[in-house]
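What follows is one structure encoded as structure tokens, with my remarks underneath.
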Amino acid sequence: MGADDAVTRIAGLLRSAHSLRVRSAMRQADEILASVAPADRATVLDRAIHLALRDR
């Protein structure tokens, strides 16, 4: 999976997660991040969080 796809999928998870289910969304995000190169994971997660917050 490419970094842009991972960002989009993780941002979608974060946007749709109810405040009590953030932990579950982060576990799913971790599974997505496993398919991204280790050196890119922090950047992908950072971009996804910013995208999720911007679109709220």
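Count Lys and Arg as plus one, Asp and Glu as minus one, and take only other residues whose Cβ is under 12 Å from that of Asp4; the net charge is then 0.
Seen from Arg21, the other residues with C-beta closer than 14 Å to its C-beta sum to a net charge of +3, counting Lys and Arg as +1 and Asp and Glu as -1. The stretch between Val22 and His50, if pulled fully straight at 0.36 nm per residue, gains 8.5 nm over its current Cα-Cα span.
Remark on the chain: Rg and Dmax equal 10.3, 30 Å (Cα only). Sorting 35-42, 23-30, 6-13 by average packing, meaning the other beta carbons within 10 Å per residue, from highest down gives 6-13, 23-30, 35-42. In a simple Cβ point-charge model (Lys, Arg +1; Asp, Glu -1; nothing else charged), the chain has a dipole of about 300 debye relative to its Cα centre.
Taken together, the values in this text are just the output of simple stated rules run on the coordinates, not laboratory data. Quantities reported herein were computed from a predicted structural model and do not represent experimental measurements. Cβ: placed from backbone, ideal geometry, glycine included. Neighbour counts: every protein chain shown.
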